[in-house]
Amino acid sequence: MEKPERIPGQWALPVAAAVNGVGTGMYVPFTLVFFHHVTGLSFTVVGLVLTVTGLAGMAALPPAGAAVDRFGARRVQLALYGVRAVGFALYPFAGSLPAFAAVALVTAAADRAFPAVQSSLLGEVARGAGRDRLQAANRAMQNGGYGAGALLATLVIALAGTTGYTYAAWGNALSFALAALLLRPLRPLPATGRAAEPRAGAGYRLVLADRPFLVVTGANFLNALSYSALSVLFPLFVVEWLHGPAVLTGAAFTLNTVLCAVAGVFVGGRVRRTGARRTRAAALGGALFAAAFLAQIALGTLRPGSTAVLGGGLVAVVLVYTLGELIHSPAAEVLAVAAAPEAVRGRYLAAYQMSWSLAKAVAPSLFTALLAVDGRAPWALLVLTSAAAAALLIRTERHLPADAVRPTTTTIVHTATAPTTTGTTRLASRTAGVGTAPSASRQPEAAPPSPSLTAAAKRAPLASRPAAAGPTPLTSRPAEGSRS
(Lines give C-alpha, C1' and ligand atoms only; values in the text may rest on other atoms or scores of the structure.)
Protein backbone atom coordinates (compact mmCIF):
# COMPACT_ATOMS: atom_id res chain seq x y z
CA MET A 1 0.00 0.00 0.00
CA GLU A 2 1.23 3.53 -0.85
CA LYS A 3 0.55 6.74 0.96
CA PRO A 4 2.06 10.24 0.75
CA GLU A 5 5.19 10.63 2.81
CA ARG A 6 4.59 12.37 6.11
CA ILE A 7 7.20 14.60 7.64
CA PRO A 8 8.06 13.67 11.24
CA GLY A 9 6.90 16.60 13.39
CA GLN A 10 5.84 18.42 10.22
CA TRP A 11 3.71 20.93 12.15
CA ALA A 12 6.74 22.22 14.06
CA LEU A 13 8.40 24.18 11.25
CA PRO A 14 5.42 26.38 10.24
CA VAL A 15 4.42 26.98 13.86
CA ALA A 16 7.99 27.93 14.77
CA ALA A 17 8.04 30.20 11.71
CA ALA A 18 4.89 31.94 12.99
CA VAL A 19 6.40 32.46 16.45
CA ASN A 20 9.63 33.70 14.88
CA GLY A 21 7.53 36.08 12.77
CA VAL A 22 5.83 37.46 15.88
CA GLY A 23 9.20 38.29 17.41
CA THR A 24 10.55 39.85 14.23
CA GLY A 25 7.35 41.82 13.69
CA MET A 26 7.68 43.33 17.15
CA TYR A 27 10.70 45.41 16.13
CA VAL A 28 11.20 45.53 12.34
CA PRO A 29 8.47 48.14 11.63
CA PHE A 30 9.91 50.39 14.36
CA THR A 31 13.61 49.50 14.03
CA LEU A 32 15.23 52.91 14.61
CA VAL A 33 12.70 54.04 17.21
CA PHE A 34 12.83 50.63 18.88
CA PHE A 35 16.59 50.62 19.40
CA HIS A 36 16.68 54.34 20.24
CA HIS A 37 14.33 53.83 23.19
CA VAL A 38 15.79 50.48 24.25
CA THR A 39 19.42 51.71 24.33
CA GLY A 40 19.01 55.45 24.87
CA LEU A 41 21.39 56.23 21.97
CA SER A 42 20.62 58.84 19.30
CA PHE A 43 18.89 57.95 16.04
CA THR A 44 22.03 58.78 14.05
CA VAL A 45 24.23 56.48 16.13
CA VAL A 46 21.65 53.69 16.07
CA GLY A 47 21.27 53.93 12.29
CA LEU A 48 25.04 53.92 11.71
CA VAL A 49 25.59 50.95 14.02
CA LEU A 50 22.78 48.93 12.44
CA THR A 51 24.09 49.61 8.92
CA VAL A 52 27.68 48.66 9.74
CA THR A 53 26.77 45.58 11.79
CA GLY A 54 24.23 44.49 9.17
CA LEU A 55 26.88 44.51 6.46
CA ALA A 56 29.45 42.89 8.74
CA GLY A 57 26.92 40.24 9.72
CA MET A 58 26.93 38.92 6.16
CA ALA A 59 30.35 37.46 6.94
CA ALA A 60 28.55 34.88 9.11
CA LEU A 61 26.94 33.24 6.07
CA PRO A 62 29.94 31.17 4.84
CA PRO A 63 30.76 29.63 8.25
CA ALA A 64 27.06 29.04 8.91
CA GLY A 65 26.77 27.11 5.64
CA ALA A 66 29.81 25.01 6.50
CA ALA A 67 28.39 24.34 9.96
CA VAL A 68 25.13 23.10 8.46
CA ASP A 69 27.00 20.64 6.25
CA ARG A 70 28.94 19.35 9.25
CA PHE A 71 26.42 19.37 12.10
CA GLY A 72 23.03 19.49 10.38
CA ALA A 73 20.62 22.38 9.88
CA ARG A 74 18.48 21.67 12.96
CA ARG A 75 21.37 22.03 15.39
CA VAL A 76 22.60 25.23 13.76
CA GLN A 77 19.05 26.60 13.69
CA LEU A 78 18.68 26.00 17.43
CA ALA A 79 22.02 27.72 18.05
CA LEU A 80 20.94 30.77 16.03
CA TYR A 81 17.66 31.00 17.93
CA GLY A 82 19.67 30.95 21.14
CA VAL A 83 22.00 33.74 19.99
CA ARG A 84 19.07 35.91 18.88
CA ALA A 85 17.21 35.31 22.15
CA VAL A 86 20.22 36.28 24.26
CA GLY A 87 20.92 39.30 22.04
CA PHE A 88 17.46 40.81 22.41
CA ALA A 89 17.41 40.04 26.12
CA LEU A 90 20.63 42.05 26.48
CA TYR A 91 19.65 45.06 24.34
CA PRO A 92 17.97 46.96 27.22
CA PHE A 93 21.26 46.76 29.13
CA ALA A 94 23.41 47.92 26.18
CA GLY A 95 23.26 51.64 26.91
CA SER A 96 26.79 52.50 25.79
CA LEU A 97 27.95 52.60 22.19
CA PRO A 98 30.50 49.73 22.51
CA ALA A 99 27.97 47.49 24.27
CA PHE A 100 25.24 48.22 21.71
CA ALA A 101 27.63 47.66 18.80
CA ALA A 102 28.82 44.34 20.25
CA VAL A 103 25.31 43.01 20.86
CA ALA A 104 24.09 44.32 17.49
CA LEU A 105 26.99 42.65 15.65
CA VAL A 106 26.40 39.22 17.16
CA THR A 107 22.64 39.47 16.69
CA ALA A 108 23.01 40.71 13.09
CA ALA A 109 25.27 37.77 12.27
CA ALA A 110 22.63 35.35 13.55
CA ASP A 111 19.88 37.22 11.69
CA ARG A 112 21.77 37.13 8.38
CA ALA A 113 22.57 33.42 8.69
CA PHE A 114 19.09 32.40 9.82
CA PRO A 115 17.23 32.30 6.45
CA ALA A 116 19.91 30.14 4.80
CA VAL A 117 19.88 27.68 7.69
CA GLN A 118 16.09 27.56 7.69
CA SER A 119 16.07 26.76 3.96
CA SER A 120 18.62 24.00 4.60
CA LEU A 121 16.36 22.61 7.33
CA LEU A 122 13.49 22.56 4.84
CA GLY A 123 15.67 20.46 2.55
CA GLU A 124 16.45 18.03 5.37
CA VAL A 125 12.90 17.41 6.56
CA ALA A 126 10.99 17.25 3.24
CA ARG A 127 11.50 16.05 -0.31
CA GLY A 128 9.85 16.55 -3.66
CA ALA A 129 6.51 18.35 -3.67
CA GLY A 130 6.50 18.21 0.14
CA ARG A 131 9.09 20.97 0.12
CA ASP A 132 6.82 23.23 -1.91
CA ARG A 133 3.91 22.65 0.46
CA LEU A 134 6.03 23.22 3.55
CA GLN A 135 7.65 26.37 2.16
CA ALA A 136 4.25 27.86 1.28
CA ALA A 137 2.97 27.07 4.79
CA ASN A 138 6.10 28.53 6.38
CA ARG A 139 5.81 31.78 4.48
CA ALA A 140 2.10 32.15 5.19
CA MET A 141 2.55 31.50 8.91
CA GLN A 142 5.57 33.78 9.11
CA ASN A 143 3.71 36.65 7.46
CA GLY A 144 0.84 36.12 9.85
CA GLY A 145 3.35 36.28 12.68
CA TYR A 146 4.78 39.55 11.33
CA GLY A 147 1.38 41.19 11.42
CA ALA A 148 0.57 39.84 14.88
CA GLY A 149 3.96 40.93 16.23
CA ALA A 150 3.61 44.47 14.88
CA LEU A 151 0.12 44.73 16.37
CA LEU A 152 1.29 43.33 19.71
CA ALA A 153 4.21 45.77 19.89
CA THR A 154 1.88 48.66 19.07
CA LEU A 155 -0.46 47.67 21.90
CA VAL A 156 2.39 47.22 24.40
CA ILE A 157 3.88 50.60 23.54
CA ALA A 158 0.47 52.29 23.68
CA LEU A 159 -0.18 50.88 27.16
CA ALA A 160 3.30 51.12 28.68
CA GLY A 161 4.73 54.15 26.86
CA THR A 162 8.42 54.15 26.01
CA THR A 163 9.00 51.40 28.58
CA GLY A 164 6.99 49.21 26.24
CA TYR A 165 9.98 49.05 23.90
CA THR A 166 11.95 47.25 26.61
CA TYR A 167 9.07 44.84 27.15
CA ALA A 168 8.94 44.29 23.39
CA ALA A 169 12.65 43.45 23.33
CA TRP A 170 12.21 40.86 26.07
CA GLY A 171 9.09 39.55 24.36
CA ASN A 172 11.11 39.16 21.19
CA ALA A 173 13.78 37.20 23.07
CA LEU A 174 11.07 34.98 24.54
CA SER A 175 9.58 34.34 21.10
CA PHE A 176 12.92 33.13 19.75
CA ALA A 177 13.36 30.80 22.72
CA LEU A 178 9.84 29.43 22.24
CA ALA A 179 10.44 28.91 18.50
CA ALA A 180 13.54 26.88 19.34
CA LEU A 181 11.56 24.66 21.72
CA LEU A 182 8.91 24.11 19.06
CA LEU A 183 11.51 22.65 16.71
CA ARG A 184 12.36 19.80 19.09
CA PRO A 185 9.85 17.29 17.59
CA LEU A 186 11.16 17.95 14.07
CA ARG A 187 13.39 15.18 12.73
CA PRO A 188 15.29 15.11 9.43
CA LEU A 189 14.30 12.43 6.93
CA PRO A 190 16.73 9.54 6.49
CA ALA A 191 19.51 10.22 4.02
CA THR A 192 18.81 8.89 0.55
CA GLY A 193 22.15 7.12 0.40
CA ARG A 194 22.77 8.73 -2.96
CA ALA A 195 24.37 11.99 -1.89
CA ALA A 196 27.98 12.22 -2.95
CA GLU A 197 30.51 13.29 -0.36
CA PRO A 198 32.17 16.63 -1.10
CA ARG A 199 35.77 16.43 -2.22
CA ALA A 200 38.24 17.12 0.56
CA GLY A 201 39.03 20.82 0.80
CA ALA A 202 36.54 21.74 -1.93
CA GLY A 203 34.44 24.00 0.31
CA TYR A 204 32.86 26.91 -1.51
CA ARG A 205 34.88 26.19 -4.65
CA LEU A 206 32.24 23.58 -5.41
CA VAL A 207 29.57 26.29 -5.33
CA LEU A 208 31.56 28.74 -7.42
CA ALA A 209 32.11 26.07 -10.08
CA ASP A 210 28.38 25.36 -10.37
CA ARG A 211 27.40 27.85 -13.07
CA PRO A 212 23.69 26.97 -13.31
CA PHE A 213 23.27 27.49 -9.56
CA LEU A 214 25.13 30.79 -9.76
CA VAL A 215 22.72 31.91 -12.49
CA VAL A 216 19.79 31.02 -10.21
CA THR A 217 21.45 33.02 -7.43
CA GLY A 218 22.02 35.99 -9.73
CA ALA A 219 18.39 35.89 -10.86
CA ASN A 220 17.33 35.89 -7.23
CA PHE A 221 19.41 39.01 -6.57
CA LEU A 222 17.48 40.79 -9.32
CA ASN A 223 14.16 39.64 -7.90
CA ALA A 224 15.24 40.46 -4.33
CA LEU A 225 15.40 44.12 -5.38
CA SER A 226 11.68 43.82 -6.14
CA TYR A 227 11.01 42.57 -2.60
CA SER A 228 12.79 45.63 -1.17
CA ALA A 229 10.63 47.96 -3.27
CA LEU A 230 7.54 47.71 -1.06
CA SER A 231 9.34 48.62 2.15
CA VAL A 232 11.94 51.08 0.82
CA LEU A 233 10.73 52.64 -2.44
CA PHE A 234 6.94 52.54 -2.15
CA PRO A 235 6.60 54.96 0.82
CA LEU A 236 8.97 57.52 -0.71
CA PHE A 237 7.27 57.28 -4.11
CA VAL A 238 3.79 57.80 -2.66
CA VAL A 239 4.70 60.74 -0.43
CA GLU A 240 7.45 62.51 -2.40
CA TRP A 241 6.47 61.90 -6.04
CA LEU A 242 2.71 61.30 -5.97
CA HIS A 243 2.17 63.67 -2.99
CA GLY A 244 -0.28 61.20 -1.51
CA PRO A 245 -1.13 60.77 2.17
CA ALA A 246 1.27 58.64 4.20
CA VAL A 247 -1.63 56.49 5.39
CA LEU A 248 -1.69 54.85 1.95
CA THR A 249 1.71 53.26 2.60
CA GLY A 250 0.51 51.73 5.85
CA ALA A 251 -2.57 50.40 4.08
CA ALA A 252 -0.38 48.87 1.38
CA PHE A 253 1.80 47.07 3.95
CA THR A 254 -1.26 45.78 5.76
CA LEU A 255 -2.89 44.52 2.56
CA ASN A 256 0.30 42.77 1.46
CA THR A 257 0.85 41.12 4.85
CA VAL A 258 -2.74 39.93 5.18
CA LEU A 259 -2.84 38.50 1.66
CA CYS A 260 0.48 36.69 2.13
CA ALA A 261 -0.75 35.17 5.38
CA VAL A 262 -4.24 34.23 4.17
CA ALA A 263 -3.71 33.30 0.52
CA GLY A 264 -0.15 31.91 0.55
CA VAL A 265 -1.00 28.23 0.95
CA PHE A 266 -3.95 28.44 -1.47
CA VAL A 267 -1.94 30.10 -4.26
CA GLY A 268 0.97 27.72 -3.74
CA GLY A 269 -1.39 24.75 -4.01
CA ARG A 270 -2.94 26.05 -7.22
CA VAL A 271 0.49 26.52 -8.77
CA ARG A 272 1.52 22.97 -7.83
CA ARG A 273 -1.68 21.51 -9.25
CA THR A 274 -0.90 23.00 -12.66
CA GLY A 275 2.28 20.92 -12.70
CA ALA A 276 4.28 24.10 -13.25
CA ARG A 277 8.03 23.88 -13.20
CA ARG A 278 9.59 25.80 -10.37
CA THR A 279 11.64 27.85 -12.83
CA ARG A 280 8.50 28.80 -14.78
CA ALA A 281 6.54 29.63 -11.63
CA ALA A 282 9.35 31.86 -10.37
CA ALA A 283 9.56 33.50 -13.81
CA LEU A 284 5.79 34.11 -13.76
CA GLY A 285 6.14 35.77 -10.37
CA GLY A 286 8.85 38.02 -11.80
CA ALA A 287 6.60 38.90 -14.75
CA LEU A 288 3.86 39.94 -12.31
CA PHE A 289 6.39 42.10 -10.47
CA ALA A 290 7.23 43.79 -13.77
CA ALA A 291 3.52 44.38 -14.49
CA ALA A 292 3.04 46.00 -11.07
CA PHE A 293 6.06 48.24 -11.61
CA LEU A 294 4.81 49.29 -15.04
CA ALA A 295 1.57 50.32 -13.35
CA GLN A 296 3.60 52.42 -10.90
CA ILE A 297 5.23 54.19 -13.84
CA ALA A 298 1.75 54.92 -15.22
CA LEU A 299 0.63 56.32 -11.86
CA GLY A 300 3.81 58.35 -11.65
CA THR A 301 3.07 59.81 -15.06
CA LEU A 302 -0.62 60.59 -14.45
CA ARG A 303 -0.22 61.67 -10.80
CA PRO A 304 -3.93 61.49 -9.90
CA GLY A 305 -5.07 64.42 -7.80
CA SER A 306 -7.91 62.49 -6.20
CA THR A 307 -6.94 60.49 -3.14
CA ALA A 308 -9.65 57.94 -3.95
CA VAL A 309 -8.33 57.40 -7.48
CA LEU A 310 -4.75 57.25 -6.28
CA GLY A 311 -5.67 54.82 -3.50
CA GLY A 312 -7.55 52.58 -5.91
CA GLY A 313 -4.61 52.53 -8.30
CA LEU A 314 -2.17 51.67 -5.52
CA VAL A 315 -4.42 48.89 -4.24
CA ALA A 316 -4.45 47.36 -7.74
CA VAL A 317 -0.66 47.61 -7.87
CA VAL A 318 -0.29 45.92 -4.47
CA LEU A 319 -2.67 43.12 -5.47
CA VAL A 320 -0.65 42.30 -8.61
CA TYR A 321 2.63 42.65 -6.69
CA THR A 322 1.45 40.37 -3.90
CA LEU A 323 0.24 37.73 -6.35
CA GLY A 324 3.70 37.79 -7.91
CA GLU A 325 5.24 37.37 -4.46
CA LEU A 326 2.98 34.43 -3.59
CA ILE A 327 3.88 32.65 -6.84
CA HIS A 328 7.56 33.53 -6.93
CA SER A 329 8.66 33.01 -3.33
CA PRO A 330 7.89 29.29 -2.75
CA ALA A 331 9.04 28.29 -6.22
CA ALA A 332 12.32 30.22 -6.11
CA GLU A 333 13.26 29.17 -2.59
CA VAL A 334 12.53 25.48 -3.11
CA LEU A 335 14.29 25.58 -6.50
CA ALA A 336 17.47 26.63 -4.71
CA VAL A 337 17.01 23.99 -2.00
CA ALA A 338 16.42 21.20 -4.52
CA ALA A 339 19.22 22.30 -6.86
CA ALA A 340 21.80 22.16 -4.07
CA PRO A 341 23.67 18.85 -3.65
CA GLU A 342 22.65 17.23 -0.38
CA ALA A 343 26.16 16.86 1.01
CA VAL A 344 26.98 20.57 0.60
CA ARG A 345 23.49 22.06 0.80
CA GLY A 346 24.45 24.41 3.62
CA ARG A 347 27.20 26.04 1.60
CA TYR A 348 25.01 26.33 -1.47
CA LEU A 349 22.16 28.00 0.38
CA ALA A 350 24.52 30.32 2.25
CA ALA A 351 25.75 31.53 -1.15
CA TYR A 352 22.15 31.85 -2.33
CA GLN A 353 21.19 33.85 0.77
CA MET A 354 23.99 36.28 -0.04
CA SER A 355 21.86 37.49 -2.97
CA TRP A 356 19.10 38.53 -0.53
CA SER A 357 21.55 40.27 1.79
CA LEU A 358 23.27 42.18 -1.02
CA ALA A 359 19.95 43.33 -2.45
CA LYS A 360 18.81 44.61 0.95
CA ALA A 361 22.12 46.47 1.35
CA VAL A 362 22.07 48.02 -2.13
CA ALA A 363 18.37 48.85 -2.46
CA PRO A 364 18.07 51.95 -0.20
CA SER A 365 20.88 53.95 -1.81
CA LEU A 366 20.03 52.75 -5.33
CA PHE A 367 16.33 53.61 -5.06
CA THR A 368 16.83 57.00 -3.42
CA ALA A 369 19.46 58.01 -6.00
CA LEU A 370 17.16 57.15 -8.90
CA LEU A 371 14.15 58.74 -7.21
CA ALA A 372 16.10 62.01 -6.96
CA VAL A 373 16.43 61.98 -10.77
CA ASP A 374 12.84 60.98 -11.58
CA GLY A 375 10.19 59.23 -9.52
CA ARG A 376 9.59 56.74 -12.32
CA ALA A 377 13.25 55.84 -12.81
CA PRO A 378 13.56 53.22 -10.02
CA TRP A 379 10.39 51.48 -11.22
CA ALA A 380 11.76 51.38 -14.76
CA LEU A 381 14.92 49.74 -13.43
CA LEU A 382 12.84 47.19 -11.52
CA VAL A 383 10.87 46.34 -14.68
CA LEU A 384 14.17 45.53 -16.39
CA THR A 385 15.58 43.52 -13.46
CA SER A 386 12.36 41.51 -13.08
CA ALA A 387 12.23 40.71 -16.79
CA ALA A 388 15.93 39.80 -16.83
CA ALA A 389 15.49 37.49 -13.83
CA ALA A 390 12.59 35.68 -15.52
CA ALA A 391 14.61 35.23 -18.70
CA LEU A 392 17.61 33.88 -16.77
CA LEU A 393 15.49 31.30 -14.94
CA ILE A 394 13.90 30.00 -18.13
CA ARG A 395 17.22 29.96 -19.98
CA THR A 396 19.05 27.98 -17.29
CA GLU A 397 16.32 25.46 -16.44
CA ARG A 398 17.64 22.85 -18.90
CA HIS A 399 20.99 22.89 -17.08
CA LEU A 400 19.49 22.29 -13.63
CA PRO A 401 18.73 18.87 -12.11
CA ALA A 402 15.38 17.59 -13.35
CA ASP A 403 14.00 16.94 -9.88
CA ALA A 404 14.88 20.51 -8.87
CA VAL A 405 12.94 21.97 -11.78
CA ARG A 406 9.88 19.74 -11.47
CA PRO A 407 8.53 18.84 -8.03
CA THR A 408 7.99 15.12 -7.52
CA THR A 409 5.72 13.23 -5.16
CA THR A 410 7.62 11.04 -2.71
CA THR A 411 5.80 8.01 -1.28
CA ILE A 412 6.48 5.31 1.27
CA VAL A 413 5.79 1.76 0.08
CA HIS A 414 4.98 -0.50 3.04
CA THR A 415 6.06 -4.09 2.57
CA ALA A 416 6.16 -7.11 4.84
CA THR A 417 9.78 -6.40 5.72
CA ALA A 418 10.39 -2.67 5.90
CA PRO A 419 9.07 0.56 4.44
CA THR A 420 10.85 1.71 1.30
CA THR A 421 10.87 5.30 0.13
CA THR A 422 10.32 5.76 -3.57
CA GLY A 423 10.22 8.70 -5.91
CA THR A 424 12.27 10.58 -8.46
CA THR A 425 15.78 11.05 -7.10
CA ARG A 426 19.24 11.95 -8.31
CA LEU A 427 22.27 9.72 -8.71
CA ALA A 428 25.06 9.86 -6.17
CA SER A 429 27.23 11.52 -8.80
CA ARG A 430 25.00 14.61 -9.00
CA THR A 431 27.53 16.89 -7.29
CA ALA A 432 30.24 15.63 -9.56
CA GLY A 433 28.11 16.11 -12.65
CA VAL A 434 27.53 12.56 -13.87
CA GLY A 435 24.13 11.21 -14.82
CA THR A 436 21.17 11.84 -17.04
CA ALA A 437 17.90 13.58 -16.41
CA PRO A 438 15.52 11.13 -14.76
CA SER A 439 12.29 10.49 -16.60
CA ALA A 440 8.89 10.28 -15.00
CA SER A 441 8.92 6.51 -15.25
CA ARG A 442 12.32 5.99 -13.71
CA GLN A 443 12.38 3.26 -11.05
CA PRO A 444 14.28 3.56 -7.77
CA GLU A 445 17.74 2.03 -7.73
CA ALA A 446 17.98 -1.32 -6.04
CA ALA A 447 21.54 -0.85 -4.79
CA PRO A 448 24.12 1.92 -4.42
CA PRO A 449 26.66 2.38 -7.22
CA SER A 450 29.77 0.27 -7.19
CA PRO A 451 33.06 1.71 -5.90
CA SER A 452 34.42 1.94 -9.42
CA LEU A 453 31.38 3.87 -10.61
CA THR A 454 31.60 6.20 -7.62
CA ALA A 455 35.25 6.87 -8.28
CA ALA A 456 34.50 7.64 -11.90
CA ALA A 457 31.72 9.95 -10.87
CA LYS A 458 34.01 11.96 -8.61
CA ARG A 459 36.41 12.50 -11.51
CA ALA A 460 33.70 13.70 -13.88
CA PRO A 461 33.51 17.42 -14.76
CA LEU A 462 30.83 19.54 -13.15
CA ALA A 463 29.61 20.84 -16.52
CA SER A 464 27.98 17.51 -17.30
CA ARG A 465 25.44 17.71 -14.48
CA PRO A 466 21.99 16.27 -15.26
CA ALA A 467 19.65 18.55 -17.16
CA ALA A 468 15.93 19.06 -17.04
CA ALA A 469 13.79 18.10 -19.96
CA GLY A 470 13.16 20.68 -22.68
CA PRO A 471 10.65 23.44 -22.06
CA THR A 472 6.96 22.89 -22.60
CA PRO A 473 4.07 25.34 -22.27
CA LEU A 474 3.02 25.87 -18.67
CA THR A 475 -0.60 24.98 -19.37
CA SER A 476 0.21 21.68 -21.04
CA ARG A 477 1.35 19.94 -17.85
CA PRO A 478 -1.09 17.41 -16.34
CA ALA A 479 -2.92 18.41 -13.19
CA GLU A 480 -1.60 16.86 -9.98
CA GLY A 481 -4.37 17.01 -7.45
CA SER A 482 -2.45 15.02 -4.85
CA ARG A 483 -0.09 17.94 -4.29
CA SER A 484 -2.62 20.43 -3.00
For segment 121-146, enumerate the residues that are over 13 Å from ASN256 (Cα atoms) and of a type in the set (A, V, I, L, M, F, W, C). LEU121, LEU122, VAL125, ALA126, ALA129, LEU134, ALA136, ALA137, MET141
Please state which one of ARG75, ARG127 is basic (Lys, Arg) and crowded, with 19+ Cβ neighbours inside 10 Å. ARG127
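Suppose the filter is crowded, with 17+ Cβ neighbours inside 10 Å, in contact with a Gly (Cβ under 9 Å, 6 or more places away or on another chain) and within 24 Å of ALA361 (Cα to Cα); does ASP111 pass it?
Answer is yes for this residue.
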Apart from one, (1) more than 14 Å from TYR227 (Cβ to Cβ); (2) assigned to a helix (DSSP H, G or I); (3) out of contact with any Lys or Arg (no Cβ under 7 Å at 6 or more places or on another chain) all hold for ILE297; the odd one out is (3)
Considering residues of segment 168-181 that are over 19 Å from GLY147 (Cβ atoms) and in contact with a helix residue (DSSP H, G or I) (Cβ under 7 Å, 6 or more places away or on another chain) only, the residue surrounded by the most Cβ atoms within 10 Å (Cβ to Cβ): ALA169
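Would you mind finding the one in GLY40, GLY54 that is at positive phi and either modelled with pLDDT under 90 or of a type in the set (A, V, I, L, M, F, W, C) (or both)?
Just one listed residue meets the conditions, GLY40.
Does ALA148 qualify as being buried (at least 22 other Cβ atoms within 10 Å of the Cβ) and of a type outside the set (Asp, Glu)?
no
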How many residues does segment 36-73 contain that are more than 23 Å from LYS360 (Cα to Cα) and either among the aromatic types (Phe, Trp, Tyr) or touching a Leu at 6+ places or on another chain (Cβ under 6 Å) (or both)? 2
Return the pairs, sorted by first residue and then second, in which the second residue is surrounded by fewer than 16 Cβ atoms within 10 Å (Cβ to Cβ) and β-branched (Val, Ile, Thr), the first residue lies in segment 254-275 and is in contact (Cβ under 8 Å) with a residue 40 or more places away in the chain and in the same structural domain as ASP403 (by TED's automatic domain parsing), the beta carbons are less than 8 Å apart, and the residues are 6+ apart or on different chains. LEU255/VAL315; THR274/THR475
Looking at segment 241-263, is at least one residue modelled with pLDDT of 90 or more, in contact with a Ser or Thr (Cβ under 9 Å, 6 or more places away or on another chain) and not in a helix (DSSP H, G or I)? yes
Return the pairs, sorted by first residue and then second, in which the second residue is not in a helix (DSSP H, G or I), the first residue lies in segment 370-392 and is assigned by TED's automatic domain parsing to the domain that holds VAL238, the beta carbons are less than 8 Å apart, and the residues are 6+ apart or on different chains. GLY375/LEU242
Test each condition in (1) surrounded by 15 or more Cβ atoms within 10 Å (Cβ to Cβ); (2) in contact (Cβ under 8 Å) with a residue 60 or more places away in the chain for LEU80 and report the one that comes out false. (2)
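Residue by residue, here is whether (1) over 22 Å from ALA252 (Cβ atoms); (2) of a type in the set (Val, Ile, Thr); (3) modelled with pLDDT of 85 or more holds:
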| residue | (1), (2), (3) |
| --- | --- |
| GLY147 | no, no, no |
| GLY164 | yes, no, no |
| GLY218 | yes, no, yes |
| VAL238 | no, yes, yes |
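The values are calculated or read from the model by the stated rules, or taken from the named source; none is laboratory data. The shown structure was predicted, so the numbers you read here are calculated from the model rather than taken from an experiment. Note that each Cβ is placed from the backbone with ideal geometry, even for glycine, and that neighbours are counted across all protein chains shown.
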